[in-house]
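One structure below.
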Amino acid sequence: VGVVAGRLADEFYRPTIVLQLDGEKARGSARSIREFDMLAALTECQDLLSRFGGHRQAAGFLAPSANIDQLRLRLLDIADRELAGVDLRPAITIDIEIPLSMLNGQTYKLISKLAPFGQANHVPTFLSRNVKLLESHTVGTNRDHLKLKLRDGSIIWDAIAFNLADRKLSSHLDLVYNLEEENWSGKRLLRLNIIDFLSSS
């Protein structure tokens, strides 16, 4: 349920709780956004919970099933109070703007030394502008991902853009991405995992 909660929070950019009901008990997994402290919200509701724990953006709890309706209403009230007037459009934190041609295998080795990555230690995010698009095609069961071939100077990169197949492409793009390694037929290759892109102006 934690994976489902995380995906829903990412997709809709709203605090999310997914419940697993088991008779008289309910187990909840919560994922949040940076603007909402999920652990603080659960702390306000602790009289309705059997136990709970976690941190600001990820938490879990156990509660009597009979308390779930009241818990839902109280959490909605807390969210209304804490998020009133807050712009809930998701924002991407970019660590550095860099020409794509400057990235290479040594860059990835340096990034790997920062691992392990997680909630408190995000994978570095890069911005590169005016990157030439050479090829593109949709992939995936629902054809909702983009596989791209890009060039900056003499350097050619493969890239994947998950759930961005509905976005408009142009000959040159400004890219926000992570650098990742994939294993292809026994070979370890670098590619860009594109988070967002816009047409270069």
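Using the crude model of +1 on Lys and Arg Cβ and -1 on Asp and Glu Cβ, and no other charge, please compute the dipole size for the chain relative to its Cα centre, in debye to 20. All intermediate terms of the calculation are to be shown ahead of the outcome.
Numbers: 25 positive and 25 negative charges, 131 e Å.
Once rounded to the nearest 20, the dipole reads 640 debye.
Counting only C-alpha contacts under 8 Å and six or more residues apart, can you give the relative contact order of segment 1-95 as a whole percent?
Numbers: 154 pairs, mean separation 22.8, N = 95.
Value for segment 1-95: 24 percent.
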Checklist line | Per-peptide average of other Cβ atoms within 10 Å, ordering 128-135, 191-198, 27-34, 96-103 highest first | finding: 27-34, 191-198, 128-135, 96-103
Note to self: Sequence gap of 8 or more, or different chains, plus Cα separation below 17 Å: how many lysine pairs satisfy both in the chain?
What the structure shows: 6
Next item on the list: Would you mind checking the tilt of helix 2-12 against the longest principal axis of the Cα atoms of the chain, expressed as 0 to 90 degrees and rounded to 10?
Entry: 70
Note to self: Can you tell me the orientation of helix 68-83 relative to the chain, as the angle in degrees between its alpha-carbon axis and the longest Cα principal axis, to the nearest 10?
What the structure shows: 60
Item checked: Among (1) 19.5; (2) 18.8; (3) 20.7, the entry derived from the coordinates for Kirkwood radius over Cα pairs in Å -> (1)
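Indicate the gyration tensor shape class of segment 31-81 (rounded, prolate or oblate), computed on the Cα atoms with a ≥ b ≥ c the square roots of the eigenvalues: a/c under 1.5 is rounded; otherwise a/b larger than b/c is prolate and the rest oblate.
Numbers: a/c = 2.24, a/b = 1.30, b/c = 1.73.
Cα axes put segment 31-81 in the oblate bin.
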Margin query: For Cα pairs less than 8 Å apart in space and 6+ apart in sequence, what is the mean separation divided by the residue count of the chain, i.e. the relative contact order in percent?
Written below: 12
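Working out 0.36 nm times the residue gap between Asn130 and Ala84, then minus their Cα-Cα distance, what length gain in nm do you get to one decimal?
Using 0.36 nm per residue and subtracting the Cα-Cα distance, I get 12.8 nm.
A short reminder: the numbers here are calculations on the coordinates, not readings from a lab. From a predicted model like this one, the values you see are computed outputs, not experimental measurements. Cβ coordinates were reconstructed from backbone atoms using ideal geometry, including for glycine residues, and neighbour counts include every protein chain displayed.
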